[in-house]
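Undergrad: Provided herewith is a single structure, encoded as structure tokens, for subsequent inquiry.
The values are calculated or read from the model by the stated rules, or taken from the named source; none is laboratory data. None of the values given here were measured: they were computed from a predicted structure. When we count neighbours, we look across all protein chains shown, and the Cβ atoms used for this are built from the backbone with ideal geometry, even at glycine. Just so you know, the surface numbers come from the protein's heavy atoms only, side chains and all, with ligands and any DNA or RNA stripped out. Shrake-Rupley method; radii C 1.70, N 1.55, O 1.52, S 1.80 Å.
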Amino acid sequence: MAGEQNLENTKAAYAAFSRGDAAAAMRDLDDDIEWISPGNSAVSGVYHGKQEVGQLWARLAEKGFTIETQHWFSDDERVVVLTQVTIAGET
């Protein structure tokens, strides 16, 4: 059941962020969140805690990005979301 609730909270957070409501998007995130952005780009890396994740989101917002969720996975401890991110028109 916790995995299902984690998944629903994460989907709600992505929807809030898409609406530009960062406060609602952050509300249910765990204080110890670990956000991983793979690859070799200016935003690649591992971000720990709400403050670092919020700073990442601010950087992305400055760049004019869009995010398309593709796959969702969850268990009782974590949620993994595979996405396609476009920044300044580039995937």
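Undergrad: Would you mind telling me the share, in percent, of accessible area of the chain contributed by carbon and sulfur at probe 1.4 angstrom?
TA: Ligands and nucleic acids excluded, carbon and sulfur reach 49 percent.
Undergrad: A further question on this structure: Shape of the range 42-91 from its Cα gyration tensor (a ≥ b ≥ c, root eigenvalues): rounded if a/c is under 1.5, otherwise prolate when a/b > b/c, or oblate?
TA: Note, shape of the range 42-91 comes out oblate.
Undergrad: Given a cut-off of under 8 Å on Cα pairs at least six residues apart, what relative contact order in percent is computed for the range 35-83?
TA: 21 percent
Undergrad: Angle, helix 49-62 long axis vs. longest principal axis of the chain, Cα atoms, 0 to 90°, nearest 10?
TA: 40 degrees
Undergrad: For the chain, state the semi-axes of the equivalent ellipsoid (square roots of 5 times the eigenvalues of the alpha-carbon gyration tensor), sorted largest first and rounded to whole angstrom.
TA: 21, 14, 14
Undergrad: Under a crude label model (7 Å from the Cα following the beta-carbon direction), how far is R27 from I67 in nanometres?
TA: 1.7 nm
Undergrad: Further, regarding this structure: When the dipole is taken about the Cα centre of the chain, and only Lys, Arg (+1) and Asp, Glu (-1) are charged at their Cβ, what size is it in debye, to the nearest 20?
TA: Using only the charged Cβ atoms, the result is roughly 420 debye.
Undergrad: Hey, what angle do you get for helix 2-18 against the long axis of the chain, alpha-carbon based, 0 to 90 degrees rounded to 10?
TA: Between the helix axis and the principal axis of the chain, the angle is about 30 degrees.
Undergrad: Do you know the relative contact order of the chain, to the nearest whole percent, from alpha carbon pairs under 8 angstrom that are 6+ apart?
TA: 28 percent.
Undergrad: With a 1.4 Å probe and all protein chains kept in place, how much accessible area does H71 have, in Å² rounded to the nearest 10?
TA: Ignoring ligands and nucleic acids, H71 comes out at about 100 Å².
Undergrad: Let me ask something additional. Under a Cβ-Cβ cut-off of 12 Å, what is the net charge of the residues other than D31 that fall near it, where Lys and Arg count +1 and Asp and Glu count -1?
TA: Local net charge: -3.
Undergrad: Follow-up question, since we're still on this one. T69: accessible area at probe 1.4 Å, nearest 10 Å²?
TA: 50 Å²
Undergrad: Enter the Cα centre distance for the pair the range 33-91 and the range 13-28, rounded to the nearest angstrom.
TA: 13 Å
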